[in-house]
Amino acid sequence: MINCVLFDLDGTLGDPYEGITTCIKYALSSVGIAEEDPEKLKSYIGPPLRDTFALYGFDPEKCEELVMKYRELYLVEGIHKNVAYDGMEEMLRMLKERGCRIGLASCKPEKACETILAEYGVLKYFDTVAGATEDKTLDRKPAIIAEALRRFGISGGELEHVLMVGDRDMDIIGAHENGILAVGAAYGYAAPGELEAAGADYIANRPLDVVEIAEKA
């Protein structure tokens, strides 16, 4: 019986495309790169920003500068350009009514996660919000999932009662590295076959599918 569900944020609870891609383009433009390929920009939703900027050949120090440039715009504009998925709040409410604890495990900074959840009107459903730290001590999905589980006090045999829901392969891989089941959110930003190739235990084609999966897992 599932009694705890962890969620990724971007592409899983809502659509962040406009906010994230606008800010990535803003950061890249500061070094003379005009990125307009929508498919490439779409693929950047999910992974840590440092990994995205490294794809352009920048060294770690320059990647940090670009992350700061990104946040310069994101924290005043991009963070407010998210669209909640249809059925997302109903899904969270139904999980709560079934007695599930709910947590967030995102590579986005924790405060930003809380702001977005509050703007969606669903922060009240979350028992913990685990996100990346500014000092990079916590910025990879496996470690962030582990932190969410630590906050819940879940370990050992209790792990079989936990689901992680996310729309990218790193969510699936991170869940399995922590010994929990993984639900691939196929309605998000994964490329075709990405979630299956990563070994997703279940696939959700819409947010409300997560409730059905939690009931049968």
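Read-outs throughout are calculated quantities, based only on the coordinates presented, and are distinct from any laboratory measurement. All figures in this text were calculated on a predicted structure; none of them were measured in a lab. Please note: Cβ atoms are built from the backbone with ideal geometry, for glycine as well, and neighbour counts cover all protein chains shown.
Here are some notes:
- Approximating the spin labels as points 7 Å out from Cα along Cα→Cβ, the residue 30-to-residue 59 distance works out to 1.9 nm.
- Fully extending the segment from residue 159 to residue 98 would add 20.1 nm, taking 0.36 nm per residue of separation and subtracting the current Cα-Cα distance.
- Under the combined filter of DSSP loop state and at most 14 neighbouring Cβ atoms within 10 Å, the stretch 116-165 retains these trypsin sites (Lys or Arg not before Pro): 136.
- Counted over all Cα-Cα pairs of the stretch 92-160, pairs farther apart than 19 Å make up 37 percent.
- Counting DSSP beta bridges with both ends in the chain, the antiparallel % (nearest 5): 10
- At 0.890 mPa s and 25 °C, Stokes diffusion of the stretch 96-217 via Kirkwood alpha-carbon radius, µm² per second: 167
- Set the Cα radius of gyration of the stretch 146-210 against 2.2 N^0.38 Å, with N its number of residues, and you get 1.09.
- Cα-derived Rg over Rh, computed across the stretch 1-108 with Rh taken as Kirkwood radius: 1.07
- Residue with peak Gaussian network fluctuation, the chain [Cα springs, cutoff 10 Å], from 68, 170, 91: 68
- According to the Cα-based calculation, Rg over Rh for the chain is 0.96, with Rh computed by the Kirkwood formula.
- Take every Cα pair under 8 Å whose residues are at least 6 apart in sequence, average their separation, divide by the length of the chain, and the relative contact order is 26 percent.
- When you filter the GluC sites (Glu not before Pro) in the stretch 1-57 for DSSP loop state and at most 11 other Cβ atoms inside 10 Å of their Cβ, you are left with 36.
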